[in-house]
Amino acid sequence: MSEQTGTIDADVLRSFESHRRELCAYAYRMLGSSFEAEDAVQDAFTRAWKSYDSFEGRSSLRSWLYKITTNICLDMLDGPQRRARPMDLSSPGTPDHPLGPPKPDYVWVEPIPNSLAFGSDPAEHVSAKDSLRLAFVAACQHLPATQRAILIMREVLRFSANETAEALTMSTASVNSALQRARATMSKVKPADTDSYDETDTDQQKLINDFVTAFESYDMDALTALLKTDVALSMPPFDLWVSGPENVAAFMLGTGAACRNSRLVPLGGANGHPAFGHYKPSGEPGRWVPWSVTVLEMQDGVIAGLNFFLDTERLFPLFDLPPEWTEEPAS
């Protein structure tokens with residue numbers, strides 16, 4: 001390989017990489033899984049690299065990469081299985097109800113680190129956060145795969161009807177018709193309203209700080225005072241979930257009592273929500289072990305959702321969390 005060819009190859013790869021985060025966010029909205037989204041984008045880059053000589057520039061590189069990524073996602077979604085949240089699968093349970101067996105990871109909508117989905121431009125964060133909310137991503141799973149792609153391309157990414165039709169090898173009329181059907185379904189599903197998290201908002205930051213203080217001290221009175229009246233607590237991979245501050249407190253003091261004296265390590269956010277690496281006591285002084293990636297949903301100045309994602313073996317490396325948390329015992 002000549003030096004010039006090597007330089008061209010490096011330039012092509014850099015041009016791909018500049019689109020990685022937005023493509024990953026798109027694939028995540030389609031698939032509901034951070035891991036599958038990363039795989040889809042990597043596969044897209046591999047295919048694009050192999051066929052780059054045939055790329056004639058009739059569309060932008062960005063549109064071409066979206067087309068490839070879309071086709072990969074549609075192939076991955078070839079089947080009836082859709083990801084969900086516990087709240088989508090059953091009515092709320094009682095705090096003393098047995099957890100039951102865990103369900104496979106492919107059942108659940110998973111969290112995505114903000115760092116995988118958002119670029120460096122803060123203005124992009126604002127527009128992207130709402131469509132990466134857990135509730136929105138779960139609602140999208142109710143749509144057939146092609147309608148899902150069309151809704152995201154048209155209403156989230158603001159692709160034109162012609163660009164969307166080109167990416168999906170459809171007519172513009174078919175795209176517009178499918179978009180109307182997707183909108184109708186989404187209006188019935190009605191993803192739950194939650195506030196966008198703004199790290200510079202002092203009221204929101206105080207709410208999060210108060211939650212951490214109450215949780216780490218296991219002060220249920222202080223904790224429940226921060227919760228919405230219909231707050232939902234869920235723990236994938238278990239389908240049990242509970243609703244309401246009193247049920248949350250009862251669960252925490254019962255089945256969830258092992259979380260007493262936990263440590264919450266702030267993360268850079270997940271799905272545009274505040275998030276923590278949650279470590280529970282190991283039984284040894286000064287040492288805590290992974291328990292969950294905990295994602296909070298907020299609405300109207302209170303906490304509306306407590307999401308404990310318990311698959312720490314997969315999620316902690318994704319969020320760059322250490323395999324244990326240590327503190328020097330107080331002297």
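The values are calculated or read from the model by the stated rules, or taken from the named source; none is laboratory data. Owing to the predicted nature of the structure, the values given are computational and were not obtained by experimental measurement. Cβ coordinates were reconstructed from backbone atoms using ideal geometry, including for glycine residues, and neighbour counts include every protein chain displayed. Areas reflect the complete protein model, heavy atoms only, side chains present, ligands, DNA and RNA absent. Shrake-Rupley method; radii C 1.70, N 1.55, O 1.52, S 1.80 Å.
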Selection status of Ala178, at pLDDT 95 or above, in contact with a Leu (Cβ under 6 Å, 6 or more places away or on another chain) and not assigned by the TED database to the domain that holds Leu296 = no
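Restricting attention to helices (runs of 4 or more DSSP H) lying wholly within the range 26-98, give those where 2 or more residues are at pLDDT below 95 and under 18 Å from Val156 (Cβ atoms). Break it down stepwise before answering.
Numbers: elements: 34-50, 61-76, 86-89.
Counting at least 2 such residues, we get 61-76.
State the number of residues belonging to the range 190-219 that are in a helix (DSSP H, G or I), touching a helix residue (DSSP H, G or I) at 6+ places or on another chain (Cβ under 8 Å) and open to solvent by 50 Å² or more (accessible area, probe 1.4 Å).
Step one: list which residues in the range 190-219 are in a helix (DSSP H, G or I), which gives 202-217.
Okay, now just the ones that are also touching a helix residue (DSSP H, G or I) at 6+ places or on another chain (Cβ under 8 Å), so 210-211, 213-215.
Subset that is open to solvent by 50 Å² or more (accessible area, probe 1.4 Å): 210, 213.
Matching residues across the range 190-219 total 2.
Out of all the residues in the range 59-98, which are more than 22 Å from Asp43 (Cβ to Cβ), open to solvent by 30 Å² or more (accessible area, probe 1.4 Å) and touching an Asp or Glu at 6+ places or on another chain (Cβ under 9 Å)?
Leu89, Ser90
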Just one of (1) more than 17 Å from Tyr66 (Cβ to Cβ); (2) buried (at least 19 other Cβ atoms within 10 Å of the Cβ) trips up Glu163, so point out which.
-> (1)
Filter pass, Pro86 being more than 18 Å from the chain's Cα centre (by Cα) and over 25 Å from His19 (Cβ atoms) | no
Quick one: how many residues across the range 30-62 are aromatic (Phe, Trp, Tyr) and either over 27 Å from Arg83 (Cα atoms) or in contact with a Gly (Cβ under 7 Å, 6 or more places away or on another chain) (or both)?
-> 3
Enumerate the pairs (first residue in the range 31-46 and assigned by the TED database to the domain that holds Ala138 and open to solvent by 50 Å² or more (accessible area, probe 1.4 Å); second residue anywhere and of a type in the set (Val, Ile, Thr) and part of a helix (DSSP H, G or I)) with beta-carbon separation below 7 Å, excluding pairs fewer than 6 apart on the same chain, so at least 6 apart or on different chains.
-> Asp43/Ile72
